[in-house]
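The structure appears right after this line, and notes come after that.
Laboratory data are not the source of any read-out in this text; all were calculated from the coordinates shown. Quick caveat: nothing in here was measured; it's all calculated off a predicted structure. Please note: Cβ atoms are built from the backbone with ideal geometry, for glycine as well, and neighbour counts cover all protein chains shown.
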There are 2 protein chains.
Amino acid sequence: MTERINTLIAHGHLFTMQGAGVGYVADGAVAVRGTRIVAVGPTAELSARFQADETIDARNCAVLPGLIDAHMHTHLAIVRGVAQDVTHWMQKALAPYWDHTTSEAQMAGTRLNALEALKAGTTTHGDYGFPRPGWPEFYVELGVRACLTPIFNALPPRGLSSSKLGDLYEFDMQVGRRTLDNAVAFAREWAGAADGRITTMLGVHAPDMMPVEMLREAKEIAQREGWKLHTHLSQGDRETEQILKRYGKRPVAFVAELGYLDDQLLAVHLTDATDEEAAQVARSGAHMILCSGSIGIIDGLVPPAYAFKQAGGLVALGSDQAPGNNCSNMFNEMRLTALFNKCKYASPTVMPAWEVLRMVTIESAQVLGLGDKIGSLEAGKEADVILVDLTAPNLSPILLNPIRNIVPNLVYAGTGHEVKTVLVAGKVLVRDYAVLVADEAAIWAEAQRQAEAFERRVAADPRHKDMALMQAMAAGQL
Amino acid sequence: MTERINTLIAHGHLFTMQGAGVGYVADGAVAVRGTRIVAVGPTAELSARFQADETIDARNCAVLPGLIDAHMHTHLAIVRGVAQDVTHWMQKALAPYWDHTTSEAQMAGTRLNALEALKAGTTTHGDYGFPRPGWPEFYVELGVRACLTPIFNALPPRGLSSSKLGDLYEFDMQVGRRTLDNAVAFAREWAGAADGRITTMLGVHAPDMMPVEMLREAKEIAQREGWKLHTHLSQGDRETEQILKRYGKRPVAFVAELGYLDDQLLAVHLTDATDEEAAQVARSGAHMILCSGSIGIIDGLVPPAYAFKQAGGLVALGSDQAPGNNCSNMFNEMRLTALFNKCKYASPTVMPAWEVLRMVTIESAQVLGLGDKIGSLEAGKEADVILVDLTAPNLSPILLNPIRNIVPNLVYAGTGHEVKTVLVAGKVLVRDYAVLVADEAAIWAEAQRQAEAFERRVAADPRHKDMALMQAMAAGQL
């Protein structure tokens, strides 16, 4: 007797990500009931066992767990492309734009970024920022999985753009109190919303952006509540300089003394950490989020993720932000991560394709504390599944034996635009390249309208003349 | 009175690549008559001046000269994805596959690769390989521009795969004579075919792959015929070792003595060249072709293109080959080139977006000796034009003032799939994402059929057990 299910994804090249590799299943199927996967295996077996309301033909497709972008600042997508090829990225390029955006413009950016990521196969959006009106509700409605981190800091209004390069930041404890309380309230309110599709963490903006007392308080709250602390750490020479000046030690040593190094910590970037510091963080049980594209563009650096992994740590990938990445696309992050690290170590065997594929699926799920829910195709897990069309000319031909070429081609040739169909929690959000859950044209039009409004304000602000890219504009290079 | 033209591309964000930057024209138009551009300028002006048989609406599109891929081995696309994450890429991964492909399989690879490149906006295909049946005819029929380089060497059958690692190659002068004569005949026959859409060069496979007498003869022929010499040079430690063992000097010094260093030379890779050697080649007037993706994957190295440019040389970009790149996509090459060089020099200002855009348009045209025909949008040049849809979420929003964000977004966020319309020599080859000049499904099916045939032969050849990736297969990593 056959069991009823909602959906059978059949005849695909399955990469279940079970086990220590990629868990390939030839002519494989995924059975979905409600929000969950009920079985994974050969199509012949599952077809006999289940009767599905709908069968999705995955012939000549790779079938993968939905991709996970562990660290995004989606609201910044509204200023995509204003801050690259420059030094002092934040102060000399991003900040003057940022100070003229409104919360509506930021939400328009979030919608644009989420759409972009969804179309490229990202099913879990690790969005990181100050809570703003409509932010969680948008994800509830869109239907993707979101791991939201409300952040806090004690920087005065206009934050970093108002302080001179090299000066110690002044802290504003009113801001600190308000943003910490907001973040805590948000993390409580939205944890587990939308039947668990929304999860939350607590976001320490960075160790240099608040007084030590606030860092201690945040750690106590997180420990009491059982929350992860999602923290930029050792994110660049600016932070190192601030922490050195203020406390006489480097960032990793500083947060170690505060008790931050444990399995509750998600350390983002570690750009300015030495290999030994990275290994110290890894050995503590903390996880790392690596943003290869953004750190490559902003700093011209390759963070010590290889050392972190060598020390036994887990690394997830993140797309960071659009002004200085400039995209949210995990195919891009996989490729850049594999290639940057090969070039850093002058070795083609460093960070092979399968390793970076694990870093956007099963291992990033574990990093986000969602390893029991997502990250692999496995009975009992949530049905977050993507189909990638392997008949796209850049992914062809399909070779299976003696060498299977699919994973290397996904990593080194995939662009994300070959993602054909996307399911999150069993629901089809994208079918045959058509986004079913958002009005793409409306999202674009609203983003464009908002952009045109704030760019007029930027042009009217005399500070814009100091932006680093003004020289490139004058020279006809943009 | 208005002048009749065939096509007016109107209301685009034009990047003409005229001048020293990117030559932006707001609300710009391109007028096309026959195969040529007759005018470029503001839409208002050109609309008043011309009456067009067809107007292509380029609103919210970037309009660019067609992209140029200066160095491709298109036939290798049939073995895409069999040779990455390994050392000894050629001998331990590619060669065992390659030895089982037929010339039909190779042509199926060429069609696949050309289709992939065309869809990503490549209008000039710099294809490099042994002449084979149907090769030039395919490009004539497809309608793209092709700069074909027939190659020759004196390696025995099964070439490099039969020699032990580290041994000096034996030369086979029968092969040498035959392949040189073939290459010369091919270069003569096809130069200027299809109303000039097909051009040719002479391809010295590499200085280590033939005796010194042949290298001398090739230079004499090229000089006599006025052909460029398109040559892998200093392409890796294998070549350096061979040349050192045989002649007691390094590759650049060796070819310098043979008189190769002049403006006739296109030096591909220079992977193993020092900065000083690269500068020496550049100062001679020779040009460089940089294949960032393939050298990153195969060697984990960033060739000295920055030093080459600093010394005043021109650099074009190439996608090389699919087993070890793994795609032919100039957006990918632009992004990797900009980012690899930032990371090599730990500086975000190295190789800014506009520079790499010039490297796939006007500068690569000059490298290929086609600077008077293509590479910019300019009256009198051939009408090779692409439209890129800037409403794609990853390229949005469009900001124009005070900072124009289009070029950075094309380079750092573009994937090639936003290329909407492609014209070559005035003819529309791709319109609104639909390829008008090839049967995509048939190209895929034939490539897949060929692939399945030769993979059976590989699996039956006991040599396959020594392939480096067999370990990854056994470990479930592919």
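Across region B:312-455, the mean sequence separation of Cα contacts (distance under 8 Å, 6 or more residues apart), normalised by length, yields a relative contact order of 18 percent. From the Cα gyration tensor of region A:212-354, with a ≥ b ≥ c the square roots of its eigenvalues, which class applies: rounded if a/c is under 1.5, or else prolate if a/b is larger than b/c, or else oblate? Since a/c reaches 1.5 and a/b is larger than b/c, the shape of region A:212-354 is classed as prolate. Its alpha carbons considered, region A:37-76 gives a radius of gyration followed by a Dmax of 15.8, 48 Å. Helices in chain B, meaning DSSP H runs of at least 4 residues, each add -39500 (n - 2.57). Divided by all residues, the mean residue ellipticity at 222 nm is -10500 deg cm²/dmol. Normalised radius of gyration (Cα atoms, divided by 2.2 N^0.38 Å) for region A:15-126: 1.56. Charge tally for A:Val212 (other residues, Cβ to Cβ under 12 Å; Lys, Arg +1; Asp, Glu -1): 0.
Among A:Thr231, B:Thr149, a tally of other beta-carbon atoms within 10 Å of each Cβ gives an order, fewest to most, of A:Thr231, B:Thr149. When A:Val30, A:Val428, A:Val86, A:Val411 are sorted by how many other C-beta atoms sit within 10 angstrom of their C-beta, beginning with the fewest, the order is A:Val428, A:Val86, A:Val411, A:Val30.
Under the criterion of Cα pairs below 8 Å and six or more residues apart, the relative contact order for chain A equals 20 percent. Per-residue mean of foreign Cβ neighbours for A:337-348 is 6 (Cβ atoms of other chains, 10 Å radius).
Each Lys and Arg Cβ is given +1 and each Asp and Glu Cβ -1; about its Cα centre, chain A then shows a dipole of about 180 debye. Using a 7 Å projection from Cα along Cα-to-Cβ, the label point at B:Gly226 is separated from the same position in the remaining copies by 8.1 nm, smallest value first. For region B:209-245, the residues whose backbone nitrogen is under 18 Å from a point 7 Å from the Cα of B:Leu168, taken along Cα to Cβ, are B:209-216, B:238-245. Binning all Cα-Cα separations of the protein assembly as shown at 10 Å, short to long from zero, yields these whole-percent fractions: 2, 12, 22, 25, 20, 12, 5, 1, 0. Here A:His88 and A:Arg431 are evaluated by their C-beta separation; at R0 = 56 Å the FRET efficiency comes out at 0.80. Of all aspartates and glutamates in the structure, the ones whose alpha carbon falls short of 18 Å from that of A:Lys249, not counting any fewer than 8 places away in one chain, are A:Asp167, A:Asp208, A:Glu213, A:Asp237, A:Glu239, A:Glu241, A:Glu257, A:Asp272, A:Asp275, A:Glu276, A:Glu277. When you work out D = kT/(6 pi eta Rh) for region A:325-374 at 20 °C and 1.002 mPa s, using the Kirkwood radius from C-alpha pairs as Rh and the Stokes-Einstein form, the result is 184 µm²/s.
Placing a label point 7 Å from Cα along the Cα-to-Cβ axis, B:Pro156 is separated from the same position in the other copies by 7.9 nm, shortest listed first. For the segment B:81-91, counting C-beta atoms of other chains within 10 Å of every residue's C-beta and taking the mean gives 6.
The Rg/Rh ratio for region B:67-367 is 0.93, where Rg is the radius of gyration of the alpha carbons and Rh is the Kirkwood radius.
Residue by residue along B:438-444, Cβ atoms of other protein chains within 10 Å of the local Cβ number 2 on average. Cα gyration tensor of region A:58-209, axes a ≥ b ≥ c as square roots of the eigenvalues: rounded (a/c below 1.5), prolate (a/b > b/c) or oblate? Cα axes put region A:58-209 in the oblate bin. When the Cα centres of region A:437-457 and region B:1-78 are compared, how far apart do they sit, in Å? For region A:437-457 versus region B:1-78, the Cα centre distance is 27 Å.
Straight-line cross-link partners of A:Lys465 among the lysines, defined as a Cα under 18 Å from its Cα and at least 8 positions apart when in the same chain: A:Lys92, A:Lys164. Per-peptide packing, taken as the mean over residues of other Cβ atoms within 10 Å, places B:396-406, B:433-443 in the sequence B:396-406, B:433-443 from highest down.
Given R0 = 51 Å, the distance between the Cβ atoms of A:Val212 and A:Asp53 translates into a calculated FRET efficiency of 0.35. For the pair A:Glu3 and A:Glu137, a Förster radius of 35 Å applied to the C-beta separation gives a FRET efficiency near 0.45, rounded to the nearest 0.05. Label points for A:Asp439 are taken 7 Å from Cα along Cα→Cβ. From this copy to the others they lie 4.2 nm apart, shortest first.
Straight-distance candidates among the lysines for linking to A:Lys219, with alpha-carbon spacing under 19 Å and chain neighbours fewer than 8 residues away dropped: A:Lys228. Which shape class applies to region B:173-244: rounded if a/c is under 1.5, otherwise prolate when a/b exceeds b/c and oblate if not, where a ≥ b ≥ c are the square roots of the Cα gyration tensor eigenvalues? Since a/c reaches 1.5 and a/b is larger than b/c, the shape of region B:173-244 is classed as prolate.
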